[in-house]
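Student: I am attaching a structure below and will ask some questions about it afterwards.
Just so you know, all these numbers are worked out from the coordinates, no wet-lab data involved. Because the structure is a prediction, the values reported are computed rather than measured. So basically every Cβ, Gly included, is an ideal-geometry build from the backbone, and we count neighbours across all protein chains shown.
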């Protein structure tokens with residue numbers, strides 16, 4: 001049988017105290033619902049149907065993908081009713097994986113084991129696990145032969161049933177033909193007056209079907225999110241798990257508890273990462289890279305041997321081999337640094353190409369520029385690229401020396417080998433190998449009295 005997936009995401013998430021739908025809050029930098037869809041997509045399903053409530057526009061805008069089927073549940077009458085709304089979009093010959101949109105860390109490995117447990121087309125599969133504190137979960141009821149007979153929700157459970165520690169996690173695999181048969185039969189005779197999906201287990205037993213259960217490898221895989229406290233707790237679990245994965249690959253982390261990946265990170269060999277480093281978006285880090293403390297890196301490629309010093313921010317850039325960045329540097333989108341370029345403390349670079357071994361060591365701004373090889377740009381240099389309406393480009397050649405406190409008024413081209421004296425404002429293009437300066441003659445006034453301004 002082929003596979004289809006139904007993701008139940010119609011809950012409003014009132015306890016999140018947010019106008020944002022619960023399943024769009026981020027975990028590891030990715031919306032919870034996006035993370036779940038990415039996981040189940042690896043199983044190769046024919047269809048993925050997402051059941052939403054009254055916040056469908058926000059969900060569709062956040063996940064603009066053609067391979068999802070959007071199904072509205074209104075009014076919200078329970079999980080069984082929600083699954084029923086999606087059933088027409090599932091192929092008749094499919095087995096259906098049903099899961100919740102607020103349990104983001106389920107792994108492909110656990111779901112694969114669940115699917116593999118079903119040998120025939122007349123079996124039901126579900127994930128259960130035993131926990132120390134089952135509060136809030138439906139309990140698994142088994143007979144004296146340990147056969148699963150039904151699931152009781154906590155609000156409907158007796159005191160004795162509440163002592164049971166085996167819980168329902170909310171993951172089911174059921175052939176569509178049985179869902180079509182059972183879901184219309186569900187009743188709302190319970191404390192919450194809702195149609196429970198879990199009641200299909202009772203119906204399956206009545207027909208003598210085999211119910212297979214598997215347990216997750218890790219308890220955090222089946223941990224759901226209902227409020228921001230739980231979201232923060234699961235975020236730390238996720239980040240610690242990623243940290244362990246990277247350390248097992250050979251990355252040196254000074255403190256795995258102070259390491260965050262909020263997107264997709266690829267790391268080479270012999271990489272050393274200090275505390276409080278945050279990776280966002282798509283980041284690729286080469287071999288033998290060193291990253292200092294309190295650094296943010298987003299959507300960036302860092303090549304072999306580069307060193308990022310403390311408190312630097314890098315976004316949308318390519319950092320070449322052996323480059324040195326920081327401390328306290330800001331590299332903005334569109335920046336490309338060639339091999340062994342150096343961007344020093346309190347330097348900002350935006351949409352600029354910097355050549356081999358070119359240096360901007362202190363307190364400068366280089367924006368919308370192309371700078372050649374072996375060029376040195378002194379402290380306090382500014383490329384004045386914006387005239388109030390348009391941005392203009394500065395081109396600086398190879399082997400150029402630009403003195404401190406220099407203003408380069410774009411559009412501007414400075415040729416190879418030029419020397420620009422300190423304190424110069426350059427307004428016109430400079431031919432190769434020239435010296436350019438426009439210093440004002442120094443004036444000294446003898447016996448100057450600060451109080452006498454005349």
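Student: Where both partners of a DSSP beta bridge lie in the chain, what percent of those bridges are antiparallel, to the nearest 5?
Tutor: Of those bridges, close to 15 percent are antiparallel.
Student: Give me the angle, in degrees from 0 to 90, between the Cα long axis of helix 32-41 and the longest principal axis of the Cα atoms of the chain, rounded to the nearest 10.
Tutor: Helix 32-41 sits roughly 70 degrees off the main axis of the chain.
Student: How far is it, in nm, from the label point at residue 72 to the one at residue 443 when both lie 7 Å from their Cα along the line to the Cβ?
Tutor: So the label points at residue 72 and residue 443 sit 7.6 nm apart.
Student: Okay, next question. Specify whether the C-alpha gyration tensor of the range 3-222 places it in the rounded, prolate or oblate class, a ≥ b ≥ c being the square roots of the eigenvalues: rounded for a/c under 1.5, otherwise prolate if a/b is larger than b/c and oblate if not.
Tutor: rounded
Student: Next question, about the same structure. Classify the range 23-64 from the C-alpha gyration tensor, please: rounded if a/c falls under 1.5, else prolate or oblate depending on whether a/b exceeds b/c.
Tutor: In terms of gyration-tensor shape, oblate.
Student: Relative to a virtual label point 7 Å from the Cα of residue 270 in the Cα→beta-carbon direction, which members of the range 329-357 show backbone nitrogen distances below 19 Å?
Tutor: 339-341
Student: Another question, if that's okay. Counting only the backbone N, which residues of the range 331-352 are under 14 Å from the spot 7 Å out from the Cα of residue 393 toward its beta-carbon?
Tutor: The answer is 335-336, 351-352.
Student: Also, I was wondering about something else. Over the range 111-259, what portion of Cα pair distances is larger than 29 Å, expressed as a whole percent?
Tutor: 29 percent
Student: For the range 275-312 and the range 102-147, what is the centre-to-centre distance using only Cα atoms, to the nearest Å?
Tutor: Their Cα centres are 40 Å away from one another.
Student: What number, rounded to the nearest 500 deg cm²/dmol, is the helix-based mean residue ellipticity at 222 nm of the chain, given -39500 (n - 2.57) per DSSP H run of at least four residues and division by all its residues?
Tutor: That comes out to -4500 deg cm²/dmol.
Student: Can you grab the distance from the C-alpha centre of the range 29-98 to the C-alpha centre of the range 319-373, Å, no decimals?
Tutor: Cα centres, the range 29-98 to the range 319-373: 45 Å.
Student: Round to the nearest 0.05 the FRET efficiency obtained for residue 54 and residue 357 when R0 = 56 Å and r is the Cβ-Cβ distance.
Tutor: Calculated value: 0.40.
Student: May I ask you to sort 17, 323 by Cβ crowding, counting other Cβ atoms within 10 Å and putting the fewest first?
Tutor: Fewest to most other Cβ atoms nearby, the residues stand as 17, 323.
Student: Also, I was wondering about something else. Could you tell me how far the Cα centroid of the range 382-448 sits from the Cα centroid of the range 192-247, in Å?
Tutor: Comparing the Cα centres of the range 192-247 and the range 382-448, I get a distance of 63 Å.
Student: Once you have a ≥ b ≥ c as the square roots of the Cα gyration tensor eigenvalues for the range 5-106, tell me rounded if a/c is under 1.5, and otherwise prolate or oblate according to whether a/b is larger than b/c.
Tutor: oblate
Student: Per 0.36 nm of contour for each residue apart, how much would the distance between residue 257 and residue 228 grow if the chain were fully extended, relative to their Cα-Cα spacing?
Tutor: Computed gain between residue 257 and residue 228 is 8.5 nm.
Student: How high is the FRET efficiency between residue 30 and residue 428 when r is their beta carbon distance and R₀ equals 45 Å, given to the nearest 0.05?
Tutor: The pair residue 30/residue 428 has a calculated efficiency of 0.35.
Student: Of (1) 57, 51, 33; (2) 171, 72, 43; (3) 104, 49, 44, which is the value of Cα extents along the principal axes in Å derived from the coordinates here?
Tutor: Computing Cα extents along the principal axes in Å and matching it to (1) 57, 51, 33; (2) 171, 72, 43; (3) 104, 49, 44 gives (3).
Student: Can you tell me the orientation of helix 228-248 relative to the chain, as the angle in degrees between its alpha-carbon axis and the longest Cα principal axis, to the nearest 10?
Tutor: 70 degrees
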